[in-house]
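Structure record follows, encoded as structure tokens.
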Amino acid sequence: MKKILVINNDREPSENVLKLAIEIAIKEKATLFGLFISSSARDSREAAGGNENPDSENPLVRKFIDKCSVAGAACKTHTFYGGYSEAIADHSAFSDLIVCNADTNASEYSVTGLIGNSRCPVLLVNEDYERVENIIFTYDDKSSSIHAIKNFTYLFTLFNDLPVRFVSVVPKNVIGIEYDDLIREWLPLHYPNAEIIILKGDP
């Protein structure tokens, strides 16, 4: 992972979003690209008027740059003044991950639209986020489950030492899960503290 998008708005950026994004970027030696969404008419006029680097005069952008610099994370910025949904989708096609606030207002950008239109994984961070303490994977005997788990594993190597629960729900008349042996071979290679949990009931 080399390029991480951090989506902000024209208010104070989320401390938790940036904290986690910096942590991932440092671990993965990736560059953070701060995408700032501005509804300011003044900023829009300055950008249209030929200001070579309007980002440099935005206090929120400067704060983002300063925090990344202090933490030792490489960063760049882009500011959108309209049509940002399409722009974010385009940027996502050439990125490895998006990190953004899960608690955003619909007036800023739609989380549902972001997930639906993005062309890379999206990591939503709540305002009360502190740290990741454990991971729960769900498996439904389909290849898409394994594909998602593998992609998560390759993206977030900083979580590999955390406790992991690999959970599958099977009907009462089913003995176990498909590919049980192969899963038990692969999972501990990436997660030494993994536990496989098979629950009986209605999947």
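Computed values, structure above
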{"read-out": "Qualifying residue in the stretch 166-183 (condition: of a type in the set (Phe, Trp, Tyr), open to solvent by less than 60 Å² (accessible area, probe 1.4 Å) and touching a residue at least 40 places away in the same chain (Cβ under 8 Å))", "value": "no"}
{"read-out": "When residues of the stretch 136-153 are limited to those that are open to solvent by 80 Å² or more (accessible area, probe 1.4 Å) and assigned to a helix (DSSP H, G or I), the one nearest to Ile198 (Cα to Cα)", "value": "Ser143"}
{"read-out": "Residue match in the stretch 50-64 (condition: of a type in the set (D, E, K, R), modelled with pLDDT under 75 and not in a loop (DSSP other than H, G, I, E, B))", "value": "yes"}
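The values are calculated or read from the model by the stated rules, or taken from the named source; none is laboratory data. This is a predicted model, so every value here is computed, not measured. Methodologically, a virtual Cβ is constructed for each residue, glycine included, from the backbone with ideal geometry; neighbour enumeration extends over all protein chains shown. What goes into the accessible areas is simple: the full protein's heavy atoms, side chains included, and nothing from ligands, DNA or RNA. Shrake-Rupley method; radii C 1.70, N 1.55, O 1.52, S 1.80 Å.
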